[in-house]
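The values are calculated or read from the model by the stated rules, or taken from the named source; none is laboratory data. These numbers were taken from a predicted model, which means no experiment stands behind them. With ideal geometry, Cβ positions are generated from the backbone for all residues, glycine too; neighbour counts draw on all protein chains shown. Please note that ligands, DNA and RNA were not included when accessible areas were found on the heavy atoms of the full protein model with its side chains. Shrake-Rupley method; radii C 1.70, N 1.55, O 1.52, S 1.80 Å.
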Amino acid sequence: MAQSNDILTVKGLKAYYQMAYFGIEREVRAVDDVTLSIRKNEVYGIAGESSSGKTSLIKVLAAAIRPPLKVVDGSLTYRFGDIEIDPYKAKKEDVDAIRWKHLSYIMQGSMSVLNPVRRIKRSFEDFAFRPMGVPKKEFWERTEAHLRRLNLSPDILRAYPHELSGGMRQRVTIALATVCQPEFIIADEPTTALDVVVQKDVLAMIRDVQQQMGSSVVFVTHDMSVHANMADRIGIVYAGRLVEEGPTRTLFTAPKHPYTSHLVGSLPRIGDTSPKAALEGRPPNLADPPAGCRFHPRCPLAIDKCKTDVPPLVAVGESHRSACWRSDDVKPLATFGQPAEALS
Amino acid sequence: MTTLLDVRNVSKRFAMGGILSRQYTDAVIDVSFALESEKPEIFTIIGESGSGKTTLARMILGLEEPSDGDITFEGTGAADRKNRKVRLQFMRRVQPVFQNPFEAFNPLKQVDRYLDATARTLLGLKGKAEIEKSMDDALQKVGLSYREIKGRYAHELSGGQLQRVAIARALIPNPALLIADEPVSMVDASLRMSIVNLLKDLRDNFGVSVIYITHDLATAYYISDRLIIMQKGYVVEMGPARTVLDAPQHPYSQLLKASVLSVDDAGQGNLKPADRAMAEAAWAKSGEGKLTPRDDGRMVRVG
Ligand SMILES: Nc1ncnc2c1ncn2[C@@H]1O[C@H](COP(=O)(O)OP(=O)(O)OP(=O)(O)O)[C@@H](O)[C@H]1O
Ligand SMILES: Nc1ncnc2c1ncn2[C@@H]1O[C@H](COP(=O)(O)OP(=O)(O)O)[C@@H](O)[C@H]1O
Ligand SMILES: [Mg+2]
Ligand SMILES: [Mg+2]
């Protein structure tokens with residue numbers, strides 16, 4: 001199955017938070033049996049509701065996990081030119097050697113990579129100077145030009161992190177992660193703290209870097225309108241599992257999982273004066289997920305089989321996979337300004 | 001009419017790059033607005049990233065001192081709050097809501113401990129029964145109960161429940177004003193709706209006013225009574241939310257509305273940077289002129 005232009009191959013990946021509180025063992029199955037591959041030169045979006053495991057999945061992909069999160073099963077292989085590496089089996093030096101230059105990770109919340117007592121300038125020197133491998137003068141020229149593309153004044157290099165607004169800090173970390181033009185960029189909610197004008201510019205910049213370099217981008221957001229505009233393909237995560245995956249247009253116009261259909265159908269728009277129907281029930285507890293299809297307690301299409309049998313993620317069309325026993329019966333909800341008929 | 005909050009000609013200037021630096025940032029420039037006690041409302045602040053929204057919120061909360069202008073709350077100003085009793089009363093009446101429900105709570109601490117701490121410090125309660133009652137009252141207002149969350153850890157609650165608990169914590173001292181700085185930016189669309197509906201409910205049923213800071217124009221439209229749009233420290237447009245958002249008049253407000261991502265051409269690769277001509281017009285005009293009233297009740301900054 002692995003194609004030569006796959007840069008990342010993930011097979012049967014499971015990562016759990018394993019904890020003991022007052023002697024009681026708990027296991028939160030945040031990433032449960034995920035299989036996917038990311039091609040060279042594509043933008044892959046991961047969508048899903050809060051606490052569905054998006055951040056956990058992306059941390060595992062970025063080889064940035066810490067206890068209590070542990071990889072308990074499966075494999076993950078990156079291929080950068082001649083380098084082939086599974087970060088969970090490789091030596092630490094080898095993993096460190098690919099960071100920033102080949103693989104960069106923009107964390108959710110963004111503050112963590114910036115050292116609070118050092119000026120922004122220093123963070124750029126620390127992380128980007130060596131990987132970029134150019135003389136100092138050129139390094140700063142490139143860095144400043146890059147900041148301007150993100151609507152940031154180069155003056156912010158002299159600032160300390162706490163002196164910047166939330167959205168400015170977020171852009172600084174995006175700048176850090178993209179200034180060396182790495183082959184693989186992983187980003188967790190990269191634009192959630194930005195106003196819509198800056199968000200648009202930042203997304204366009206990420207796409208630009210990606211296209212110039214032919215790099216791959218994997219990014220997480222719960223914001224479906226960002227996916228609509230950024231992603232080539234989208235993977236939908238529900239309760240730690242990948243439940244649907246396919247080309248962006250297909251997922252919006254012809255979803256094959258009822259959860260996806262809900263996600264794209266419930267988008268609020270300016271001008272809404274009454275609430276859209278919310279999904280009944282609440283997200284499952286990943287320490288004790290429902291049997292069968294994890295979505296069945298909230299699913300309008302659920303039948304008895306869904307309560308007991310886990311639906312496998314299977315092909316339902318051209319590069320389109322869905323994990324639903326009733327994928328043939330899924331209809332798109334009336335959505336984005338077009339009548340439902342026009343979409344089906 | 002009595003005034004709940006009066007923000008009058010408030011400005012804030014920061015030194016950037018440490019206090020010894022000579023470089024200044026004018027984070028907030030000459031902002032004025034007032035909220036009335038008898039008319040609880042959702043007052044929304046939207047605008048550019050870095051335009052001074054959080055700074056303004058922090059000044060209202062008394063966490064940052066204005067460089068110029070005055071902020072009074074229920075008739076008392078910053079100087080009056082040097083008195084411990086006045087300060088405590090102020091902290092009861094104006095409460096912040098944390099941004100991200102998943103990060104606001106320490107995963108190793110039971111969530112009710114946060115409520116407990118607030119009941120003790122701000123209400124001075126000591127008895128177990130009275131603390132539990134005040135926690136339960138606050139939780140009831142957000143559609144939960146003490147029984148449901150007692151002894152639970154953050155990861156045992158859904159995102160919506162957690163954000164409700166965060167709001168309940170803020171409600172314990174019976175505030176008249178909640179300051180919610182991007183309370184929904186980290187949550188998905190359906191959770192977002194349930195949180196903003198809760199804010200609406202607090203306004204309608206409990207008379208709580210809310211200053212709601214957001215980048216999400218759809219929820220701003222849906223719940224706000226009035227809103228202000230900020231750019232580079234200035235208020236560029238202010239007025240009834242729907243009037244302003246239906247037909248924004250300042251070039252920056254227009255740019256903002258035009259830049260909302262559309263899903264209609266999902267996956268077609270049509271993403272472009274924000275409209276340059278509009279952006280140039282918006283930046284060129286920023287800060288110019290005066291806020292000028294219009295017939296429909298809004299104010300627009302015009303040269
Ligand atoms: N403690 C500080 N010291 C120096 N400058 C500061 C400080 N806090 C904020 N600023 C500056 O004030 C301006 C306004 O920041 P603020 O955090 O209020 O923006 P915001 O509107 O909340 O932005 P965002 O939407 O990105 O959260 C920015 O230019 C920022 O760099
Ligand atoms: N540090 C942690 N310890 C224990 N459980 C955690 C931790 N971080 C996240 N979880 C749990 O893992 C699940 C997935 O969370 P996360 O990956 O952050 O979701 P998302 O990014 O989709 O909102 C949730 O049930 C959450 O409570
Ligand atoms: Mg997350
Ligand atoms: Mg802010």
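Here are the numbers for this structure:
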| read-out | value |
| --- | --- |
| Candidate set from segment A:171-194 (those that are away from chain B (no Cβ under 12 Å) and either within 16 Å of ligand 3 (Cβ to nearest atom) or among the polar types (S, T, N, Q) (or both)); member that is farthest from the chain's Cα centre (by Cα) | A:Q181 |
| Segment B:1-45: number of residues that are open to solvent by 40 Å² or more (accessible area, probe 1.4 Å) and assigned to a strand (DSSP E or B) | 12 |
| Pick from segment B:46-70, criterion open to solvent by 20 Å² or more (accessible area, probe 1.4 Å) and in a helix (DSSP H, G or I), ranking: farthest from the other protein chains (Cβ to nearest Cβ) | B:R58 |
| Matching residues in segment A:27-80 - criterion: being on the phi > 0 side of the Ramachandran plot and either within 16 Å of ligand 1 (Cβ to nearest atom) or acidic (D, E) (or both) | A:D33 |
| Residue satisfying all of: in segment A:250-273; more than 8 Å from chain B (Cβ to nearest Cβ) and of a type in the set (S, T, Y); surrounded by the fewest Cβ atoms within 10 Å (Cβ to Cβ) among these | A:S261 |
| Residue within segment B:94-117 that is open to solvent by 50 Å² or more (accessible area, probe 1.4 Å), at pLDDT below 95, assigned to a helix (DSSP H, G or I) and closer than 30 Å to B:L256 by Cβ present | yes |
| Within segment A:121-170, considering residues that are hydroxyl-bearing (S, T, Y) and over 19 Å from A:S104 (Cα atoms), the one farthest from the other protein chains (Cβ to nearest Cβ) | A:S153 |
| Selected residue (only one of A:I7, A:I65 is β-branched (V, I, T), in contact with a helix residue (DSSP H, G or I) (Cβ under 7 Å, 6 or more places away or on another chain) and surrounded by fewer than 24 Cβ atoms within 10 Å (Cβ to Cβ)) | A:I65 |
| Boolean, A:V10 is in a strand (DSSP E or B) and among the hydrophobic types (A, V, I, L, M, F, W, C) | yes |
| All helices (runs of 4 or more DSSP H) inside segment B:229-303 with 1 or more residues being within 22 Å of the chain's Cα centre (by Cα) | B:241-246, B:251-258 |
| Within segment A:181-196, considering residues that are hydrophobic (A, V, I, L, M, F, W, C) and touching a residue at least 12 places away in the same chain (Cβ under 8 Å), the one nearest to B:S262 (Cα to Cα) | A:L194 |
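Yes/no matrix, rows are residues, columns are (1) within 17 Å of A:K54 (Cβ to Cβ); (2) free of Cβ contacts under 8 Å to residues at least 12 places away in the same chain; (3) touching a Leu at 6+ places or on another chain (Cβ under 7 Å); (4) within 16 Å of ligand 1 (Cβ to nearest atom):
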{"site": "A:A175", "(1), (2), (3), (4)": "no, no, yes, yes"}
{"site": "A:V179", "(1), (2), (3), (4)": "no, no, no, no"}
{"site": "A:Q199", "(1), (2), (3), (4)": "no, no, no, yes"}
{"site": "A:M205", "(1), (2), (3), (4)": "no, no, yes, no"}
{"site": "A:Q212", "(1), (2), (3), (4)": "no, no, no, no"}
{"site": "A:M224", "(1), (2), (3), (4)": "yes, no, yes, no"}
{"site": "A:R233", "(1), (2), (3), (4)": "yes, no, no, no"}
{"site": "A:V237", "(1), (2), (3), (4)": "yes, no, yes, no"}
